[in-house]
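Accompanying notes for the structure given below.
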Amino acid sequence: MDSQHWRAVITAAQAGDRRALDELVEGWLPLVYNIVGRALNGHADVDDVVQETMLRAVGNLGSLRDPDSFRSWLVAIAMRQIRDRARRRTPDRLEEAAAADFAELTVLRLQLEGQRREVAEAVRWLDDEDRHLLSLWWLEVAGELTRRELAAAVGITRQHAAVRVQRMKERLETSRGIVRALDGACPDLREITGRWNGRPDSVWRKRLARHLRGCGYCGGTREAVVPAERLLVGLALVPLPVGFTLSLALGGKTAAAATSAGWSAKLLGALTKPAVAMTAGATIVAGGAYVVTQPPDAPPPRAAVTPTASSAPPRTSAPPAPTPKSSPTATKKADPYGTVVDAVDRAPDPNARPAALPRRPESGITSTGGPKAVMQHRGDRVTLTGRGYVLVRWQISPGSRPGALVMPSWTGLKGRLFHVASGGSRRMDDPLPGAPNGYATGMGGPDIGYAVLPPGTQQMWQNEYFYVDGTVTLTQNERGCDYGLIVFPTKRDAVVEDIDQGPPQGAIRYGLVRDTGTDSVPVPQYVTRATPADPATVPQRSRV
């Protein structure tokens, strides 16, 4: 960042310039969000700690004597708030789940792959103290902080900081080895982790590290391990979530108290005046609330190809409103979101190529199950948040237990959920040439029995693709036939690549595009905005 520019902005903000204050918050909020988010790994308290940090920074801006020290001053405030939050935690809050795993958010939003992804995921295995330090060191090697600022924020000398950072890096490398091993296929490791609940902690880190030191399979690596600092050099900050709201309200301060705390009269007026000041990335509104926005994505294009009976299922839509007599040229409005629900359809011709998949905005999906959530038992669930595509892959095992299949359900929907495509090279009821062990189709066979869908339920394909714009929870409701689901956040290009694989490439059939690019795309069956105690009770054709 240009120090001369920010010196001028900070000086103007201290003098009460509302536009300067707006620019200051917009410019430095991402840095604070990355420090707090990584230190707390996306815990539900992240928003509160970020808000408290910025509130204190704005409230004490008048006391800052040297504008050149603003960055180290702001980072020190953030670290104090993080430590205060740790001290305030009570035993009953220690097991609270993360609101949005920051490691996964880093992977998705920065599109990390390979060893960079490995470093981001290894953060989950660090203790709180190491993760707090790493939140600063990560930004140091990315060029956002200096070692002097890191040491000042932690409250230690630069020499002591070097020792602390080195020890943290050693534990980070151990954690990287664990991530690498868990992605492998070591049979001994699978046996060791049979009792693990899937939640990283220090006990399991030490246990798995002992295995790695004595295991020839896990100890080897297929590529040279690049030091973490080389992987992180120049890495961008994780973008703020769309719609992130930063409340800088006075919180009960009287004007006199705020003024005595160092707030200038002009700054106080900027925070309390009903008028709004807007910039490209932040808005200060009545009562002192900053709402961080991002330029809206281009609206999704209309589908260029109208689906035919051979390439898309028939859809049930709301009856069209009668055309007013006084307006003979009025056109029928598109079906509003949620009135078109998946219905039973016929399989298209195996050689029918899919229609073009419309392009919808993608900012990334975070999943409480990580990049691959495996749900094999009743009650297993995963919550998906963000804007983008999700793959749900079906695995049915009637050989273990055939019979009625209780379908999974989508609950707690906030926003919109579309069923946009089907793929995986086959429908689950397609004949499987040369299928072993009595299977005739993916649904079973005469020798072992079949998985039987509830009447009126749409037949699923091996891979079903959905588009999420908001948040929703998918629950596995197995109570009859044995089945499993694997849930992957994915991207449009991967969807297209899957559905375009057809019989010439060895598949049973091409995929199917259900997305029309409008709100009339069908919502899946068994979806609701409610959160019932038993997700298996969600109606088949719930309107959303």
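Scanning the range 422-454 for residues that are within 14 Å of residue 480 (Cβ to Cβ) and not aromatic (Phe, Trp, Tyr) yields 443, 444, 449, 451, 452, 453, 454.
The requirement of being at pLDDT below 75, assigned to a helix (DSSP H, G or I) and surrounded by fewer than 21 Cβ atoms within 10 Å (Cβ to Cβ) is satisfied by residue 92. Listed by first and then second residue, the pairs with beta-carbon distance under 8 Å, at least 6 apart or on different chains, first residue in the range 189-213 and in contact (Cβ under 8 Å) with a residue 40 or more places away in the chain, second of a type in the set (Asp, Glu), are 202/127. Candidates in the range 163-181 are the residues that are over 19 Å from residue 206 (Cβ atoms) and surrounded by 14 or more Cβ atoms within 10 Å (Cβ to Cβ); of these, the one that is farthest from the chain's Cα centre (by Cα) is 164. Over 20 Å from residue 472 (Cβ atoms) and open to solvent by less than 30 Å² (accessible area, probe 1.4 Å) - does that describe any residue in the range 382-394? No, every residue in the range 382-394 fails to be over 20 Å from residue 472 (Cβ atoms) and open to solvent by less than 30 Å² (accessible area, probe 1.4 Å). Checked against (1) loosely packed, with under 15 Cβ neighbours inside 10 Å; (2) over 24 Å from the mean Cα position of the chain (by Cα), residue 372 meets all criteria but (2). Checked against (1) in a helix (DSSP H, G or I); (2) within 26 Å of the chain's Cα centre (by Cα); (3) not polar (S, T, N, Q), residue 184 passes all but a single condition, namely (1). Per the listing 231, 235, the residue uniquely in a loop (DSSP other than H, G, I, E, B), out of contact with any His (no Cβ under 6 Å at 6 or more places or on another chain), open to solvent by less than 60 Å² (accessible area, probe 1.4 Å) and of a type in the set (A, V, I, L, M, F, W, C) is 235. Each residue in the range 405-439 was checked for being at pLDDT 90 or above, among the aliphatic types (A, V, I, L, M) and open to solvent by 30 Å² or more (accessible area, probe 1.4 Å), and 1 of them qualify. Here residue 11 meets each of (1) under 23 Å from residue 148 (Cβ atoms); (2) buried (at least 16 other Cβ atoms within 10 Å of the Cβ) with one exception, condition (2). Residues in the range 509-544 that are over 23 Å from the mean Cα position of the chain (by Cα), surrounded by fewer than 20 Cβ atoms within 10 Å (Cβ to Cβ) and β-branched (Val, Ile, Thr): 2 in all.
One residue stands out in the range 450-508 among those that are in a helix (DSSP H, G or I) and open to solvent by less than 20 Å² (accessible area, probe 1.4 Å): the one that is farthest from residue 385 (Cα to Cα), namely 499. In the set 140, 144, 118, only one residue is at pLDDT 90 or above and either closer than 20 Å to residue 75 by Cα or touching a Lys or Arg at 6+ places or on another chain (Cβ under 8 Å) (or both); that residue is 140.
For (1) among the hydroxyl-bearing types (Ser, Thr, Tyr); (2) outside any helix (DSSP H, G or I); (3) buried (at least 17 other Cβ atoms within 10 Å of the Cβ), each residue gets a yes or a no:
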| position | (1), (2), (3) |
| --- | --- |
| 6 | no, no, yes |
| 20 | no, no, yes |
| 25 | no, no, yes |
| 34 | no, no, yes |
| 49 | no, no, yes |
| 53 | yes, no, yes |
| 70 | no, no, yes |
| 84 | no, no, no |
| 87 | no, no, no |
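Every residue, every condition in (1) in contact with a helix residue (DSSP H, G or I) (Cβ under 6 Å, 6 or more places away or on another chain); (2) in a strand (DSSP E or B); (3) small (Gly, Ala, Ser), yes or no:
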{"site": "393", "(1), (2), (3)": "no, yes, no"}
{"site": "401", "(1), (2), (3)": "no, no, no"}
{"site": "413", "(1), (2), (3)": "no, yes, no"}
{"site": "418", "(1), (2), (3)": "no, yes, no"}
{"site": "421", "(1), (2), (3)": "yes, yes, yes"}
{"site": "426", "(1), (2), (3)": "no, yes, no"}
{"site": "429", "(1), (2), (3)": "no, no, no"}
{"site": "433", "(1), (2), (3)": "no, no, no"}
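Out of curiosity, is residue 225 part of a helix (DSSP H, G or I) and surrounded by 11 or more Cβ atoms within 10 Å (Cβ to Cβ)? Judged against the criteria, residue 225 is not a match.
The values are calculated or read from the model by the stated rules, or taken from the named source; none is laboratory data. Predicted model, so just to flag it, every value in this text is computed and none were measured. Every residue, glycine as well, gets a Cβ built from its backbone with ideal geometry; the counts of neighbours run over all protein chains shown. To get the accessible areas, we keep the full protein, side chains included, count just its heavy atoms, and leave off ligands, DNA and RNA. Shrake-Rupley method; radii C 1.70, N 1.55, O 1.52, S 1.80 Å.
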